[in-house]
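S.K.: Okay, handing you the structure first.
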Amino acid sequence: MALENLQYKFENLSMYFQGGVRRSIIIFAVILLIAIFPAYYLGKFGSGLSARSYLNLNGFAINPKIEIYDYEIGKTQRAELKDGTSVLYAAIRNKKNRDVGFSPWNYSVQILDKDGAVITPKEVFSSYLLPDDNKFIVVQSPINGVDMQIIQEPGTQKINYNPNANPLLTVPNITVQNNRVELDTQNQTMTVSALLRNEDKRTVETIEVTYFVRDTQESILYVGTSSFNGFAPGAQRDFRINNLPLPVTGSPRSVDVRWSVNYLRAGTIKL
């Protein structure tokens, strides 16, 4: 009799656990269904935010109401040279326009004497001004030239710049090493040199170089410009300018080499 009672209790206990398992499965399924709906709508909400952010970014890139400031033309500086000429240079500052450049930027230059009289005919050039950047205008001048008159010419175009719109329209990775200036006192000349390396994965079609010869006090004694084409990824380019006239005052000790690439123009940077 005791054995039968024990068997009866065991069967009841087994049935209880089976029912408990079924109840647990049902409860888990209900909780899962309840959780699915908030997650679904939360995902849709997040996707909507992402889409709106993307659209806002594109809208900013083509926003016709973006505020455009005038670039600033700095004061003309002068470096007198021992060959009887001088170099005039001035900074063109576009730092106020962080998202606007000018390409092409057409301008003319006339050289003035100390009395403000024009002593050279007008020359017209075509270049570019990058967003949030400075550019230097450099011209060779007669010895009596002391100032430049720089005027924007027709054909200049303003460009809204958005680096997210095209991965090619960004500043390439180019390094400058081994800057040197060598003096030839016998011939009253100097040579500037540097090594440029394209660390980028893109080819640069045209690169412009501006170099500043300085003394031990970092004062500028000479400014020059140059350019070269076809700068492939991983390539090195020896930059060297020979037989530059020595300055009348000061002793050259270093050269500051700066490069610039017009990434606003299609085709300047290629994969």
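S.K.: Within the stretch 164-181, is even one residue in contact (Cβ under 8 Å) with a residue 12 or more places away in the chain and either under 20 Å from GLY74 (Cα atoms) or in contact with a helix residue (DSSP H, G or I) (Cβ under 8 Å, 6 or more places away or on another chain) (or both)?
M.R.: The answer is yes; a qualifying residue exists.
S.K.: Let me ask you something else. Considering (1) surrounded by 14 or more Cβ atoms within 10 Å (Cβ to Cβ); (2) at pLDDT below 95, say which one THR189 fails and leave the rest.
M.R.: Just one mismatch for THR189, condition (2).
S.K.: Now for a separate question. Which of (1) more than 29 Å from the chain's Cα centre (by Cα); (2) surrounded by fewer than 16 Cβ atoms within 10 Å (Cβ to Cβ) does ALA79 not meet, given it meets every other one?
M.R.: Every condition holds for ALA79 apart from (2).
S.K.: Hey, could you check the stretch 95-135 for residues that are assigned to a loop (DSSP other than H, G, I, E, B) and of a type in the set (S, T, N, Q) and say which is surrounded by the fewest Cβ atoms within 10 Å (Cβ to Cβ)?
M.R.: THR120
S.K.: So which residues in the stretch 229-249 are in a strand (DSSP E or B) and in contact (Cβ under 8 Å) with a residue 40 or more places away in the chain, if there are any at all?
M.R.: PHE231, GLN236, ARG237, ASP238, PHE239, ARG240, ILE241, ASN242, ASN243, LEU244, PRO245, PRO247
S.K.: Pull out all pairs, ordered by first then second residue, where Cβ-Cβ is under 7 Å, the residues are six or more apart or on different chains, the first lies in the stretch 187-204 and is aromatic (Phe, Trp, Tyr), and the second is in a strand (DSSP E or B).
M.R.: Listed pairs, sorted by first residue: none to list.
S.K.: Answer with yes or no whether GLY234 is over 23 Å from GLU80 (Cβ atoms) and touching a strand residue (DSSP E or B) at 6+ places or on another chain (Cβ under 7 Å).
M.R.: For GLY234, the condition - over 23 Å from GLU80 (Cβ atoms) and touching a strand residue (DSSP E or B) at 6+ places or on another chain (Cβ under 7 Å) - is met.
S.K.: So which residues in the stretch 189-228 are part of a strand (DSSP E or B), over 20 Å from the mean Cα position of the chain (by Cα) and polar (S, T, N, Q)?
M.R.: THR189, THR191, SER193
S.K.: Another question about this same structure. In this structure, does LEU264 turn out to be among the aliphatic types (A, V, I, L, M) and either over 24 Å from ASN166 (Cα atoms) or surrounded by 12 or more Cβ atoms within 10 Å (Cβ to Cβ) (or both)?
M.R.: yes
S.K.: Taking the conditions exactly as written (surrounded by 15 or more Cβ atoms within 10 Å (Cβ to Cβ) and farther than 25 Å from GLY267 by Cα), does SER219 satisfy them or not?
M.R.: So SER219 fails the test.
The values are calculated or read from the model by the stated rules, or taken from the named source; none is laboratory data. On a predicted model such as this, the values are computed, not experimentally measured, just so you know. For neighbour counting, all protein chains shown are included, and Cβ atoms are generated from backbone atoms with ideal geometry for every residue, glycine included.
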